[in-house]
Structure formats: C-alpha cells, structure tokens
Amino acid sequence: MSIVVQKYGGSSVADASRLKRVAERVMSTKRAGHDVVVVVSAMGDTTDDLLALAKQVSPNPDRRELDMLLTAGERIAMALLSMAIRELGGDAISFTGSQSGIITNDRHVDARIIEVRPFRVQDELARGRIVVVAGYQGVSYRREVTTLGRGGSDTTAVAMAAALGAEYCEICSDVDGVYTADPRTVPTARRIGTLAYEETQELAEAGAKVLNAQAVEFAKEKGIAIYARATTSALPGADPSADGTVVRQHPPRMPGTVVGVASEKEVLVIAASAAPGLPVLELLDAHKVAGKQLHLIDDALTLVVSRENLHEEGRVREALASRFGDAVRVVDALGAVSVVGTGINASFENLRRGAATLAAAGIVPRATATSSFRITWMLDRARLDDAVTVLHRVFIEEPKTPVP
Ligand code: ADP
Ligand code: ASP
Ligand code: MG
C-alpha cells in the first residue's frame, strides 16, 4: 500500500469543529487505500500565545525551556486529532516528535533534523493504524527536546515522507497552494500550478509563509513531491496541479521568468562599519543568531537577521552594545521584498525594471542584493506592501515592456 503524509497547519485545526473536519479528510484518505501519516501543527495561534506567555515571565526566555514549552502546542493537537479520528471509527495513534524518531542537532529553537528513525511509525502502519505525529519538534542525541523553527511542521512532514518512502507529501493549509504573492497582500495574485524546488525554496526563504524553506530543501534533497493544497480541498486527483501547487523537479522555464514576489517584514539589519566584522559574527554565533544576507567588504559588515526565531533580541542588542558600542548599529525600520525566478539575473534587466518600478511608486530602496534566483530590495517597512503590489503588477500581471 502506498504511504501518504499529510500535514495540517494551525488554522486548519484551530478549534474542535475544524479538527473533526480534518479527521474526516484523513479517514477518506485511508478509505482511498493509503497508509496515512498525519503531521499536525499547534491549534490556531497556540505557538504565538505560548511565546507571549513566556515573554511575560522572562523577556529573554531560555532556549531550552522555550522548546519544552512550545512543543506542548503540537502535543495537544496530536492527541485531539487522534481522538477525533477514533471517534469516526478510525484506528489512530499519536506520537510526539521524539517517539516518531525525529532526531535533530543540539540547537534549541531552530534545530535541524539530522535523521529520522521512524520504526514505531512503521510498526503502527503495519498494524493498519493511522499515525498522527506532532509537527515542529524532535529530540537531540542528548535526548533533549528541540523545535525546528517557526513553520517547522512542514519540515517534519517532508522528513517523515522521505524516511517512509511516501508517494507524496501533502501540505494542507488555509490557502489552496503557492501563489505569485501572498494573496492577503495582493488580491490579484494567482495560484502557481507547478513549481521547481529551487523556485519554491527561494520564495520561502524570501518570506512566502505557505511552505517552510527547510522543508523544501529536504524535499529537493530526497526527491519528495510536495502538494500544497487547501485543507478544504478534495484529495489529490490525477492532476494535483489543477487545484493546488505541485513542487517537484521540473523542466526549466524560460530563464528570467519571474514566478513570484515575496516579502519579509520582521527583519533587523546589523551594520558594522567601524568595528571588525568577524568578531561581530562571533558574538552572534555565541548567541545562536542565524543571519540571512551577509556582506563583508574589507571590515564593513551588513547582515540581515530574521526575527522569526530570535526570541532573545534584547539580550543580543545589549551584548552588541556593550562590546562594540556605537560601532555596530541595529537598524529596525526596514523590510525585504524579493522577486524570484530561475536565471532572473542573467542580465540586469529585471533589476533595472524593479528599481524603476519602485522609483515610480516613490519608494527608495536602501539596499539591493541578488542571487541567481532572486533580487531583493531592503526598504522602509511601512512601504513594503506597496512595493510587493507594484512589483507584482509589473513582473506578473503586465506584459513585459522594454526597460530604458
Ligand atoms: P499553516 O498554519 O497552514 O502552516 P501558514 O500561515 O504558515 O499556514 O501559511 C499560510 C499563509 O501563507 C497563507 O494564509 C498566506 O497568507 C501566506 N502566504 C504568504 N505568501 C504566500 C504565497 N506566495 N502563496 C500562498 N500563501 C502565502
Ligand atoms: N506551531 C509552529 C509555529 O507556529 C509550527 C508550525 O505551525 O509549523 O510556527
Ligand atoms: Mg506554516
């Protein structure tokens, strides 16, 4: 029997009635003749609520204790979903990340999966059971409980799919696939039927929340097909790209084709021009701060840091200030907008088109950076949504016209 891994995000299991609907969808997958593993996120805003609670107790919460706290969210959801499936006559059993064999490195709050030993999951599947796995969590070799970073239930699902040799991994959410931009920001955004791993990974890293970047990286490594779909959708039919997004190896598009626009609001820029760059990075490593875009030219450093998994910002700022004083600045006013597509920088035409578009909208970027898949502008956070809208219009909605 083929194995299917399905992941349901927080909004899909936000209350009892939604949990029951998910249980029904799981049951119909089982009835369609699959072995089913369900990965579940914490209900609704549970993770945010637990984080807020932690901050009330400790403004710079200890990373290990945060993991102990945050993993409770998925544990609640897994047990309730398993009960709901049982209520429908299914034979379900729930497991934590540790029980499912998700082994991670030692890093708390944003751990990486090193290997998956899914023996208990396989045993239960062999018994004909539906296995419900708590997403976003694992256990280190030292038997410490870890979490995989925000949005990490996607990673659990893909890693589980790879370890079990699943036919596909369905990521079910409140949106019916990956769009050309966040449909909440750009109502004219369109669903993209098929995406290559690289394009999807780049969109996710640039802030498209619908799929977690590390999950896509995993899928690419192991050749797992991801079906991004709505929780309310039917089960995938003969062509899952007709009502969702299929992410897999795809023949290349025309180089330079822009597939989407993504943005990230909550970023910090760390700029050190009067302090040597490497000691600044050493301090950030000591505080386990992960950087995104880095530029080190002579001694001048600029680094973009995502706030997503940064829960001890106050302590890090204090450490930077006490060691480097005014030589290091933390800029907390910018956001990042990116246009993504294979071969986007084969010439500078796309960059010039984007810059002209932003200028015409009265938006002045503070920085521009590129990779072979992406052009990113850093700009005033308050204008970020406007930037997404105008770039989407020019790169996705309108036919291309020559850039002067
Ligand atoms: P889940 O809780 O199911 O994991 P998330 O909130 O993590 O859901 O991701 C789904 C959300 O991602 C959508 O509600 C949508 O607003 C947002 N999103 C951002 N960028 C995109 C995009 N390019 N395509 C689709 N959704 C996107
Ligand atoms: N509950 C976790 C979060 O909110 C993990 C996830 O939803 O994927 O980030
Ligand atoms: Mg998510």
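Values for this structure:
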| read-out | value |
| --- | --- |
| Inter-label distance, nm, simple model (7 Å from Cα along the C-beta direction), ALA321/THR370 | 3.9 nm |
| In Hz, Karplus ³J(HN,Hα) per residue of region 336-348 (6.51, -1.76, 1.60; θ = phi - 60°; x = Gly, Pro) | 10, 10, 10, 9, 10, x, 4, x, 5, 10, 4, 10, 8 |
| Three principal axis lengths of region 1-48 [C-alpha, angstrom, descending] | 38, 18, 8 |
| Anisotropy class of region 161-204 from Cα gyration tensor, a/c 1.5 cut | prolate |
| From phi via Karplus (6.51, -1.76, 1.60), per-residue ³J(HN,Hα) for region 74-82 in Hz, x at Gly/Pro | 5, 5, 4, 5, 5, 5, 5, 5, 4 |
| Accessible area of the chain belonging to carbon and sulfur atoms, whole % at 1.4 Å probe | 52 percent |
| Computed over the chain, Kirkwood Rh from alpha-carbon pairs, angstrom | 22.1 Å |
| Average accessible area per residue (Å²) across region 48-161 - probe 1.4 Å, nucleic acids and ligands excluded | 42 Å² |
| Whole-Å distance, taken between Cα centres, linking region 94-110 and region 228-267 | 28 Å |
| Nearby lysines by direct alpha-carbon distance to LYS220 (threshold 23 angstrom, same-chain neighbours under 8 apart not counted) | LYS7, LYS209, LYS292 |
| Environment charge of GLY90, counting only residues whose C-beta is closer than 13 Å and scoring Lys/Arg +1, Asp/Glu -1 | +2 |
| Protection proxy ranking of 168-175, 340-347 - average other beta-carbon atoms within 10 Å, highest first | 168-175, 340-347 |
| Length-normalised contact order for the chain - Cα pairs under 8 Å, 6+ apart - percent | 14 percent |
| Pair ARG143, ARG184: separation of 7 Å Cα→Cβ label points (nm) | 4.0 nm |
| Burial ranking of peptide ranges 190-200, 73-83 (average Cβ count within 10 Å, highest at the top) | 73-83, 190-200 |
| Positive minus negative residues near LEU358 (Lys, Arg vs Asp, Glu; Cβ under 14 Å) | +2 |
| Equivalent ellipsoid semi-axes, region 256-404, via Cα gyration tensor eigenvalues times 5, rooted, Å | 32, 15, 13 |
| Mean ellipticity per residue at 222 nm, deg cm²/dmol - from DSSP H runs of n ≥ 4 across the chain, formula -39500 (n - 2.57) | -10500 deg cm²/dmol |
| Most to least packed among 259-270, 32-43 [average Cβ atoms within 10 Å] | 32-43, 259-270 |
| Residue-wise HN-Hα coupling along region 371-381, computed from phi with Karplus coefficients 6.51, -1.76, 1.60 (Hz; x: Gly, Pro) | 9, 6, 10, 8, 10, 10, 10, 9, 8, 3, 3 |
| Formal net charge of residues neighbouring ALA126 (Cβ-Cβ distance under 12 Å; K, R +1; D, E -1) | 0 |
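The values are calculated or read from the model by the stated rules, or taken from the named source; none is laboratory data. Quick caveat, the model's predicted, so the values are computed rather than measured. When we count neighbours, we look across all protein chains shown, and the Cβ atoms used for this are built from the backbone with ideal geometry, even at glycine. For accessibility, only protein heavy atoms count, side chains too; no ligands or nucleic acids. Shrake-Rupley method; radii C 1.70, N 1.55, O 1.52, S 1.80 Å.
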